[in-house]
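Have a look at the structure below before the remarks.
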Amino acid sequence: MSSLWKSWSCLISTLKDSSQSENSEKSCFLKDSRNWTLREAVDKYIDLKRPVLSPTTISRYESVRSHAFQDIMDISLRKLTSNMLQNAINTEINRKPADKRTEFLSPKTVRNNYGLIASTLKRYCPDQNFTVDLPKKARRIRTLPLPEDVYKAVYGTDIELPVLLAMWLSFTMSEIRGLTKSKSIDGDYITIREVLVNVEGVDVRKDLAKEITRNRRHRMPEYIKNLIDQVDGDIIVPYTPSQLYKKLQKALRASDVPLISFHDLRHINASLMAMLQIPDKYAQERGGWKTDHIMKSVYTETFSEERKRVDNVIDDYFMSKLQ
């Protein structure tokens with residue numbers, strides 16, 4: 001009995017020593033990390049995540065480190081307070097973006113940028129409870145042009161195929177740019193096998209899309225198949241993101257169609273499927289959305305003519321009851 005007790009005592013003592021050693025190493029690590037500036041901590045966090053995140057995400061993180069929250073980037077973690085973080089967020093809300101496309105950063109951009117700061121602080125200051133208020137997401141109220149109007153604007157132009165791939169098949173710009181005849185086309189089917197993303201002006205080809213649901217397969221409409229057959233070479237859409245954006249804007253202006261971004265073509269696709277009452281399961285599969293919540297809350301919008309028809313139905317109902 002005495003021998004057994006001694007064995008148990010020895011095991012418990014060993015476990016305690018091991019636990020104390022781990023806690024001591026953790027405490028020492030946290031103590032050292034508190035001397036880092038926020039910029040140094042963000043750098044270390046980016047390097048830690050570099051092997052598991054996409055090049056575009058890493059590039060965005062590096063941009064945040066270089067341009068966002070500059071008022072606090074060189075403050076040590078031990079001196080950071082919730083008030084400092086809140087003031088930095090308030091400054092970000094009024095900061096003008098580098099591309100100057102909008103007057104100020106959108107609430108969504110500020111929230112996304114702060115996500116990197118929050119993740120960094122959670123990793124290197126896990127026992128510190130920072131409390132901040134982020135700007136609320138703004139709901140965009142806008143009207144998309146009808147699919148037929150966009151189609152008429154791009155018909156016969158060099159932007160027709162990429163526009164239809166986005167508006168008809170709901171492919172993103174990076175998915176469209178990643179399409180090749182050798183890997184993506186199989187008889188009457190087109191499959192997302194690669195994406196081509198632009199990282200700081202350099203194209204990076206990746207085997208997998210951002211979400212596994214994006215790696216999807218569609219039956220090719222005959223019309224789109226014929227357009228692809230007319231393309232010379234293996235790459236189906238050999239344009240840069242900037243060229244696609246400018247070509248679309250030019251075609252829309254020429255036809256007096258309201259200007260939209262290239263990504264808005266996916267919004268048109270989602271809205272069209274909703275208008276045609278395509279079951280959510282199939283709409284979600286076609287668009288490659290991870291959840292139906294994203295599809296409905298972010299991408300599904302309204303067309304002006306269809307909205308007018310809906311409004312007329314409701315108005316006519318109430319007018320008939322009031323007479």
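A quick yes/no check of all residues on (1) without any contact (Cβ under 8 Å) to a residue 40 or more places away in the chain; (2) in a loop (DSSP other than H, G, I, E, B):
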position	(1), (2)
ARG111	yes, no
ARG123	no, no
VAL150	no, no
LEU169	no, yes
Residue that is nearest to LEU116 (Cα to Cα), among those in the range 46-74 that are of a type in the set (A, V, I, L, M, F, W, C) and under 17 Å from the mean Cα position of the chain (by Cα): VAL64
Selection from the range 58-98 of residues that are touching a strand residue (DSSP E or B) at 6+ places or on another chain (Cβ under 6 Å) and not in a helix (DSSP H, G or I): ASP74, SER76
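Using the structure shown, decide if ASN87 is surrounded by fewer than 16 Cβ atoms within 10 Å (Cβ to Cβ) and without any contact (Cβ under 8 Å) to a residue 60 or more places away in the chain. Let's see the steps before the verdict.
Numbers: surrounded by fewer than 16 Cβ atoms within 10 Å (Cβ to Cβ): yes; without any contact (Cβ under 8 Å) to a residue 60 or more places away in the chain: yes.
Spelling it out, ASN87 is indeed surrounded by fewer than 16 Cβ atoms within 10 Å (Cβ to Cβ) and without any contact (Cβ under 8 Å) to a residue 60 or more places away in the chain.
Go through the range 249-274 and report how many residues are within 21 Å of the chain's Cα centre (by Cα) and under 27 Å from THR180 (Cα atoms).
Just the residues of the range 249-274 that are within 21 Å of the chain's Cα centre (by Cα), to begin with: 260-271.
From the residues that got through so far, the ones that are under 27 Å from THR180 (Cα atoms) too are 260-270.
Within the range 249-274, residues that are within 21 Å of the chain's Cα centre (by Cα) and under 27 Å from THR180 (Cα atoms) number 11.
Let's see how each residue does on (1) more than 15 Å from GLN128 (Cα to Cα); (2) touching a helix residue (DSSP H, G or I) at 6+ places or on another chain (Cβ under 6 Å):
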site	(1), (2)
SER54	yes, no
SER59	yes, no
ARG65	yes, yes
SER76	no, no
Subset of the range 141-179 (residues that are surrounded by fewer than 17 Cβ atoms within 10 Å (Cβ to Cβ) and among the β-branched types (Val, Ile, Thr)): ILE141, THR143, THR157
Any hit, the range 214-224, residues being at pLDDT below 80, out of contact with any helix residue (DSSP H, G or I) (no Cβ under 8 Å at 6 or more places or on another chain) and on the phi < 0 side of the Ramachandran plot: yes
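Please determine whether any residue of the range 117-129 is out of contact with any helix residue (DSSP H, G or I) (no Cβ under 8 Å at 6 or more places or on another chain), of a type in the set (S, T, N, Q) and at pLDDT below 95.
Going residue by residue through the range 117-129, those that are out of contact with any helix residue (DSSP H, G or I) (no Cβ under 8 Å at 6 or more places or on another chain) are 118, 122, 129.
In the following step, the residues that additionally are of a type in the set (S, T, N, Q) were identified as 129.
Okay, now just the ones that are also at pLDDT below 95, so 129.
Yes - at least one qualifying residue is present in the range 117-129.
Would you point out the residue of the range 265-285, among those that are open to solvent by 10 Å² or more (accessible area, probe 1.4 Å) and closer than 16 Å to LEU165 by Cα, that is modelled with the lowest pLDDT?
Going through the range 265-285, the residues open to solvent by 10 Å² or more (accessible area, probe 1.4 Å) turn out to be 272-282, 284-285.
Now restrict to residues that are closer than 16 Å to LEU165 by Cα: 272-273, 285.
Values: LEU272: 82, MET273: 81, GLU285: 75.
Per the criteria, the residue is GLU285.
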Helices (runs of 4 or more DSSP H) contained entirely in the range 202-286, each with at least 1 residues that are among the β-branched types (Val, Ile, Thr) and either touching a residue at least 24 places away in the same chain (Cβ under 8 Å) or touching a His at 6+ places or on another chain (Cβ under 9 Å) (or both): 222-229, 264-275
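The values are calculated or read from the model by the stated rules, or taken from the named source; none is laboratory data. This one's a predicted model, so the numbers in the text were calculated from it and none came from an experiment. Note that each Cβ is placed from the backbone with ideal geometry, even for glycine, and that neighbours are counted across all protein chains shown. Side chains included, ligands, DNA and RNA excluded: accessible areas come from the protein's heavy atoms. Shrake-Rupley method; radii C 1.70, N 1.55, O 1.52, S 1.80 Å.
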